[in-house]
Amino acid sequence: MTNRLSEDEVRAILAERPDVVGVTAITPSIYKAERLLQIAKELHPHAVTVLGGIHGTFMYQQVLTEAPWIDAVVRGEGEEIFTNLIHAVDSGEWTARRPELRGIAYRDGDRIVATAAAPTVRDPKKVVDEIETLIRDHDVGFFILADEEPTINRRKFVRFCEELIARDLGILWGINTRVTDVLRDEALLPLYRKAGLIHVSLGTEAAAQMNLDRFNKETTIAQNKKAVQLLREAGIVVEAQFIVGLENETVETLEETYRMALDRATLLDRVMHNYRRFYIRKALFSYPWAGSGERRLYLLGCLKAFLKAGFERRFYDLGKVNYWGPQAKRGVRFDFDTTRTRPVESPVEWKPRHNGMVRGEDRARAMACGGGDQQLSDDELAAIEAAGAHEVVDTSHA
């Protein structure tokens with residue numbers, strides 16, 4: 001989307017006299033976040049500009065290269081990391097103390113430095129304490145763990161589930177996770193369901209094997225189907241996510257994920273068409289008769305929420321982009337920032353850096369979000385959390 005800031009946003013930045021300006025960003029909002037920090041630096045050159053969030057955590061090399069006005073990237077859980085950063089700025093020792101602050105990345109001349117990873121903050125018991133507060137004080141009945149892969153640390157995830165079971169809070173919840181984690185945890189799925197897990201979103205990404213290979217998922221269609229089957233057998237609702245519209249898409253590959261086309265307006269229209277035909281079939285022939293108990297009630301609730309969001313045009317921000325159905329394709333306005341392009345010969349290699357979590361040759365074999373073919377053991381994860389790592393990337397040739 002466009003990276004232009006509103007007049008109110010600019011006035012708010014101008015009115016302040018900040019020592020630190022911090023923003024967070026997921027991938028779709030990264031360019032607006034970078035632009036906001038650029039404006040903040042122009043208006044307040046002495047302020048320390050900081051980016052946090054999942055995109056910066058894994059793509060800090062790219063962020064710091066293309067946005068040199070950003071002074072630091074907070075990697076991972078930012079609560080304690082950002083507090084320590086603030087203390088360093090407040091003491092006037094920000095530049096001197098940067099190397100010792102765990103969990104950040106920053107530019108040092110022509111180098112990009114990533115300090116040792118900070119330990120994780122959220123103990124499973126403390127997380128359940130917060131959930132219990134939300135249930136008691138705010139009448140929350142469902143939540144989603146906003147984590148790209150909460151099951152990567154199986155030991156902590158099991159402790160989290162056991163704590164929920166012990167307190168018998170009667171809460172339902174959902175997660176995003178990977179096919180390989182589901183296959184790994186086949187014997188634990190009944191425990192997860194007993195703890196209230198009702199909805200799992202799987203990053204299956206494609207229904208054609210050639211596209212799975214293109215994404216370096218290192219999974220197969222058969223494995224994807226097996227994971228879906230295991231979750232269904234455990235009484236868990238499964239949501240399979242697909243990526244469509246690659247330049248190598250064909251009619252045949254698109255039909256395997258439902259028929260698609262390549263221009264963005266038609267792509268959105270076809271996506272909505274697929275949602276409509278999928279949920280109409282589910283509404284008429286599946287959800288009302290999908291077993292009994294919590295799973296059936298949850299599915300009917302999902303259907304109601306989908307229909308409500310669709311009629312109100314909040315789903316996918318349909319009203320915002322001026323989509324009102326197939327007849328409105330020509331009037332769709334995405335407002336993408338067309339000024340952002342990737343150089344043909346990039347000065348640095350755009351690849352994710354995984355917090356130094358995996359060293360040497362193992363880095364490519366156990367990726368938290370990308371799709372390696374192995375998982376770290378519980379003992380390896382514990383050692384990594386305790387030790388951290390330090391990384392320096394030389395960009396002097398840029």
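Miscellaneous remarks
- Set side by side, the residues V271, V200, V238 differ, and just one is modelled with pLDDT of 65 or more, under 30 Å from I152 (Cβ atoms), in contact with a helix residue (DSSP H, G or I) (Cβ under 7 Å, 6 or more places away or on another chain) and surrounded by fewer than 18 Cβ atoms within 10 Å (Cβ to Cβ), which is V238.
- Residues of region 265-300 classified as in contact (Cβ under 8 Å) with a residue 24 or more places away in the chain, under 17 Å from F142 (Cβ atoms) and not hydrophobic (A, V, I, L, M, F, W, C), total: 3
- Residue check for R111: over 19 Å from V21 (Cα atoms) and in the same structural domain as L197 (by TED's automatic domain parsing): no
- Verdict on A305 being within 30 Å of K194 (Cβ to Cβ), loosely packed, with under 13 Cβ neighbours inside 10 Å and either at pLDDT 75 or above or outside the structural domain of G235 (by TED's automatic domain parsing) (or both): yes
- Those residues of region 241-266 which are under 28 Å from L300 (Cα atoms), modelled with pLDDT of 65 or more and surrounded by fewer than 17 Cβ atoms within 10 Å (Cβ to Cβ), in sequence order: Q241, I243
- Candidates E34, E9: the one that is in contact with a helix residue (DSSP H, G or I) (Cβ under 9 Å, 6 or more places away or on another chain) and more than 24 Å from A114 (Cβ to Cβ) is E9.
- Top-ranked residue in region 282-301 [being modelled with pLDDT under 80 and part of a helix (DSSP H, G or I); ranked as surrounded by the most Cβ atoms within 10 Å (Cβ to Cβ)]: Y287
- Candidate set: region 308-334, residues that are at pLDDT 70 or above and of a type in the set (D, E, K, R); chosen: the one surrounded by the fewest Cβ atoms within 10 Å (Cβ to Cβ): R330
- Filtering region 71-108 to residues that are in contact (Cβ under 8 Å) with a residue 24 or more places away in the chain and among the small types (G, A, S) leaves A72, G76, G78, G103, A105.
- Elements of type strands (runs of 3 or more DSSP E) in region 15-127, at least 1 residues being under 21 Å from the mean Cα position of the chain (by Cα) and among the polar types (S, T, N, Q): 20-24
- Complete set of residues in region 16-55 that are among the β-branched types (V, I, T) and under 23 Å from G103 (Cβ atoms): V20, V21, V23, T24, I26, T27, I30, V48, T49, V50, I54
The values are calculated or read from the model by the stated rules, or taken from the named source; none is laboratory data. From a predicted model like this one, the values you see are computed outputs, not experimental measurements. Note that each Cβ is placed from the backbone with ideal geometry, even for glycine, and that neighbours are counted across all protein chains shown.
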